[in-house]
Each structure stands twice: as C-alpha cells, then as structure tokens.
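The values are calculated or read from the model by the stated rules, or taken from the named source; none is laboratory data. These figures come from a predicted structure and were not determined experimentally. Cβ placement follows ideal geometry from the backbone for every residue including glycine, while neighbour counts extend to all protein chains displayed. Just so you know, the surface numbers come from the protein's heavy atoms only, side chains and all, with ligands and any DNA or RNA stripped out. Shrake-Rupley method; radii C 1.70, N 1.55, O 1.52, S 1.80 Å.
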Amino acid sequence: MDHGGLLVCQTEPRRLLWLFGLILAVVLTFQHFEFPYGSALSSLLSSGKVSFQEIRSLPAGDNSELSGNATLLNGLTSTSTHTIHNTRNITGVSDLEKETNGVNEGKDRGTRTDVAPERKRSPSGALGPVNEGNSQENREEQHNNAGLVKFKNSENGMALEKSGEHKTSISSNNPSAAATRNFNTDTSFVHKDVRDKLTKDEKSGMLQSNSSLSNYSSMVNQSSGMPISEVLSISKMNALLLQSHASPHSREPLWSAPVDQELLYAKQQIENAPNVKNDTELYPPLYQNVSRFKRSYELMENMLKVYIYKEGEKPIFHESILEGIYSSEGWFIKLMEASHHFVTEDPGRAHLFYIPFSSRLLQLTIYVPNSHNRSNLIQYMKDHVEMLAAKYHFWNRTGGADHFVAACHDWAPAETRGRMTSCLRALCNADIKTGFDIGKDVSLPTTYVRSAENPLKGIGGEPPSRRTVLAFFAGYMHGPARPVLLEYWGNKDPDMKIFSRLPPVRGNKNYIHLMRSSRYCICARGYAVHSPRVVESIFYECVPVIISDNYVPPFFEVLNWESFAVFVLEKDIPNLKNILLSITEEKYLEMQKRVKMVQQHFLWHAEPVKYDLFHMILHSVWYNRIFQIRHT
C-alpha cells in the first residue's frame, strides 16, 4: 500500500470518530430540550420507570390534584414534620372563594393584606368568615404548576384549565420537577424506587380512587387504567353507582367485629325495604328509591354510632367556620361533635370513625404564602393518619374503609389522597375525572352561608306565576363554560338574563331578587365542577340548570336529580334557550314544586332536624359504608 493510501486509512477513522461525536452531541442536545423527563434511552431500557411516550399519552385531566411545585408523591414519601402556625389571612385564594355569587358584597375581597383580620366568633363560639385577600398569589402559584396540565385561579384551587384538548405545558425552570408532577398517584405510573417505599395500605388506597371507573370499560383507557375524556351522563353515573354497590371494593376487615354484622343486617333490611306509599314526609319522585332511603334513614337513626377522634390540634381539627363558601365542612364539624344521639365514646361500638378536620383551616393555618407549594398540607394529613393508625387499631382493621371526612375546600381532594383515599370522603369537589369514587365518596353540597346566627335567612322565592325571567346567571367569567354562556346569551335575549358580574349592591339584593324571580337558575361550572349556585337555586326555589360535565350532584346515591333539575352538556350551551323552552309548562311546574320539596335536605339548622343537611350528609356516608361492606 502506497503512502497516499495509508494516509487515507489513517484519516477516515478520525473523520468517522469526529462525525460520530458530532451526532452524539446533537442527540444529547436535542434530548436535553425535548426530553426533560430524563434519558430517552433509559426510559426505553428501564422497566421500572415511565417512558416519555407513556407520559405524553396521559389524559390531561388525570393530574388535577397536583400540589404546588411538589407532587403528591413527595407528600407521600416525605418524612418531614410541620408546626401549626397562627392562623393568618391567606392570599392564595380561588375564584370560588373570591366569587360572591356574581356580586361584591362589600367585603374587601380585592385588597391584599399581610395581616389577617380578626375573625369574630358567633354565639356558638365558632369562627366567623375570614376576609379574603386577592387571588394574585394563587394565579402565580398555579402558573408554576406546569406539567401535563395547567392550573388557574378557579372555583377549585386545584382545577384544570381546559385550554384545548390535551395541551402540554412543561416548566422550563425546573424540568425535573415538571417531570415528577406528571405522575398520577395510581401506582402503575409511579417510579419503581418510589413505589417500593409506599406502604401496602397506601398503594391499596390509591388504587381504590378510580376503582369504580376501572371496572367500567366504556369509560376507561384499558391500556392505562385511567379515565378517558368521555363525558359521563347521569344515566352512566347511575350505572357506576349500581355497579359499585353490587360489587363492593373495600378491603375485607382483618378481623371481624359485631358492628360488621350490624351493618350486614342493615344492608339486608334496606335491600328488602317495604314499599313506601303516600308518605307524609317524603315525595317519592325526588328519590332514586324512596323505600330504600326511608328504611336506611330509620336504621341510621336507630343504629348508627360514630366515634370521633379527639386527637388533632385546633384550629385544623375540632374548629369551625360557619359562614362563607366553605361553611359546609364547618357546620358538619360543629353539629357532629355536638351530637349526643350518634356519637359514642366506645370505639368498639362505632360503625364509623370521624376525623374532624377543616380543609379550609388547614389551608389558612399552615400554607406558606408565596411558597407555591401545598405538599406540606398533604404531608400534614398523612402524618396525622399515620399517627392514628400507629396509636389505635381501628384504622388498621379495615384499612380506613370505616373512617370518613367531610371537606369542602378546593384542595381537599389532594389532602385526602394516599392512605386517606380508602376513607369515605364527603367532598364538594365531586368530579369523576379527579378521582371522585361513585358509590364510596359522597358529594358534599357547597353552601354559601351569609349568617351563622340565621343560616335560613332569606329562604324562598316568588311563585311560578311571578317568575318573569326565563333563565338567570351572574358571575366571574372563568372556566370553559361561562365565557361561552356569555358569548351566546349575554345581553342578546330579553328572556335570558346572563351577566358577567352584577353591580355591587349591599346584601346581594339584585342577585337574590333575580334568583327569586327566575324560572331557571344557571349553575355553570368555573374551572371546577362545583358551585354554590346549585344549593342557592334550591334555596330560592328556582329550578337549577347544571352545566358542569362529570359533576356528581350532592347525595347522588339517594336523590333523583333529573326529577327537579335540568342537566345541559357544556357543548350544548348554544342551544340552551331551546332546551329550556322545550320543557312543557306542566313539567316545569312539577319540577319547581319538587325543588321546594327537596329544599328540606339542603338546610342548616342550629339544632339538627330530621332529613336536614346534617342528617343527609351523615346518611350518605352511612349508606355508602353499608354498600361497601362485603358479606363474610
């Protein structure tokens, strides 16, 4: 071989090595920007990690309960402890808090304060409302919650912004955090090293969060086990309820107890309830099955005993706020702890165990303003439950299946995940797509109470003959449905009184007057599915028109909502007036009559009365527990 040929042979390997190095550099650079979740090669080769393609394929709504810049997984595995700080005004509020049913009541909700105003106490000693700061911090916090989903200031502080079908938004400031935030708490999507650290109870609890959905094939992505984007009709929700009650998925108790046999006896009695005819207290068309409901309620009154944990520091535990958007949880805590009829001091006699925490006061007490991180709230509740499980055997006997909470704040679904998912959760944010488990969880009504001294002040409305407005809505224009509602119907039709916000008037007089004088009251979702307008409509005897896809209405396991409310899909808003006009006068009059009759189930009383809101919440928890217990 001549000298020239030798030179070529020596040169070509160098060029090839140089070219290979250049290609490798380009690949690594591309990977750095396009694969912030980690190495594409390691994702493909490691069976213990979730691949980029798997992450990209997750539905956009499946992570709507992520917490600040840390995930629920961080909250589940962290061993840090937290100190309860003095309660202070929190500036990270949601639109549900900020919104006063479409009007400004005169409270300073638009001014940021660094010092919390003094909270007055009602004669009962319960805390009164806290003036809200503005929502700028919440917008900043949720702006930083980038990942597969994006959160915004909303009626539910954890709610999903529906901007496009499955929009992907990844934080460029912290790629690794963004990657972690994309994992759902279902252990099939958890890194193996994290999954191995979870306790058996935690894993079983998380898997139960979507158990009713995972068994309903038409609503589930079979490859991932996660809910797909289908909108569930009321009839499909009923199918889920029946399936859940027919096939209980709660864990079998580790050892039997007399209360299990009592619950099985109650279940048998309910399933074979005598037919109810011409009842003077209950109007049969209002209920899924009035005979079952009446028998179940009687058994609850005669049998149910609840043990309330005394552990937990105030104000997060054993404290109540009785006014405002989140008053449902406050009223329930107050009345439950004051009950002599249902509460027992003997845990051996208890059918249910109540953890009396306020999700609203948890937020006010330990959330760090400007931190954009709610993981400490999640961790705080996890630590509390682990303390109870270590101190007593009650939790461990059933894995928490006979324990319950009632929480109305926007962040409550995230705070009650992990081990608490196995609990019976009464939640205002009753959204199928964020893990609400039909047949186990209870939809807690969002009630806006203006006066703790007189929660029934202003109840009632005009008779049908004096209801001159076809449909009414007023409120902030956030979320996917309301802007469309305003676009099609705002100031365009004299029969449709659709507004963004009404001018501020003392006492909400304009707003209340329009609710009292309208035939139909529009209950359109914001970013979250729940709204106080549903109960307000019933309060003012206006037929509710619920425009909120995948919202499970309150006491769904008992009430026949279609008999007194109208459900309109969000996509059908342009046809709203035609839908309402298609309802005959005879049918409208019957629905309005039923609204007045169902009203008794949505009222707070200082001293509980039969079939009122306190008893209905407790009954739904009792009822779902009965139908989750298995025959032994």
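At full extension, Asn289 and Phe20 could sit 89.6 nm farther apart than now, given 0.36 nm per residue minus the alpha carbon distance. You can think of it this way: the chain between Gln268 and Arg630 has 129.1 nm of extra reach, that is 0.36 nm per residue less the Cα-Cα gap.
Distant-in-sequence amide contacts of Cys523, defined by a placed amide H-H separation under 5 Å and a gap of 5 or more residues or a different chain, comprise Val545, Ile546, Ile547. Loop-resident trypsin sites (Lys or Arg not before Pro) (DSSP state other than H, G, I, E or B) in the range 534-632 with no more than 15 further Cβ atoms inside 10 Å of their Cβ: Lys610, Arg630.
Taken one residue at a time, the phi angles of the range 382-387 give Karplus couplings (6.51, -1.76, 1.60, θ = phi - 60°) of 4, 4, 5, 5, 5, 5 Hz. Gly and Pro are set to x. Using a cutoff of 8 angstrom between alpha carbon atoms and counting only pairs six or more residues apart, the relative contact order for the range 536-613 works out to 35 percent. Contact order for the range 280-402, expressed relative to its length and based on alpha carbon pairs under 8 Å spaced 6+ residues apart, stands at 25 percent. Counted by Cβ distance under 10 Å from Ala426, the other residues give a net charge of -1, where Lys and Arg count +1 and Asp and Glu count -1.
Pro248 sits among other residues whose Cβ lies under 11 Å from its own Cβ, and their net charge, with Lys and Arg +1 and Asp and Glu -1, is +4.
Cross-link check: pairs Lys305/Lys593; Lys236/Lys433; Lys267/Lys382 evaluated at a Cα-Cα cut-off of 24 Å; pairs beyond the cut-off: Lys305/Lys593; Lys267/Lys382.
Is the range 443-571 best put as rounded, prolate or oblate by its Cα gyration tensor, with a ≥ b ≥ c the root eigenvalues, rounded for a/c under 1.5, and otherwise prolate when a/b is larger than b/c, oblate when not? Verdict is rounded for the range 443-571. Among rounded, prolate and oblate, which fits the range 513-632 when a ≥ b ≥ c are the square roots of the eigenvalues of its C-alpha gyration tensor, a/c under 1.5 means rounded, and a/b larger than b/c means prolate? Cα axes put the range 513-632 in the prolate bin. A simple spin-label model places the labels of Val343 and Lys610 2.4 nm from each other, with each point 7 Å out along Cα-to-Cβ.
Considering only beta bridges that DSSP places wholly inside the range 311-458, some 20 percent are antiparallel.
Counting Lys and Arg as +1 and Asp and Glu as -1, what is the net charge of the other residues whose Cβ lies under 15 Å from the Cβ of Ile270?
For residues surrounding Ile270, the net value is 0.
Model label sites at Arg466 and Asp493, defined 7 Å from Cα along the beta-carbon direction, differ in position by 2.6 nm.
Of the accessible area of the range 362-408, computed with a 1.4 Å probe over protein heavy atoms only, carbon and sulfur atoms account for 56 percent.
The gain in end-to-end length when the Arg501 to Glu453 segment is fully stretched comes to 14.5 nm, 0.36 nm per residue minus the alpha carbon separation.
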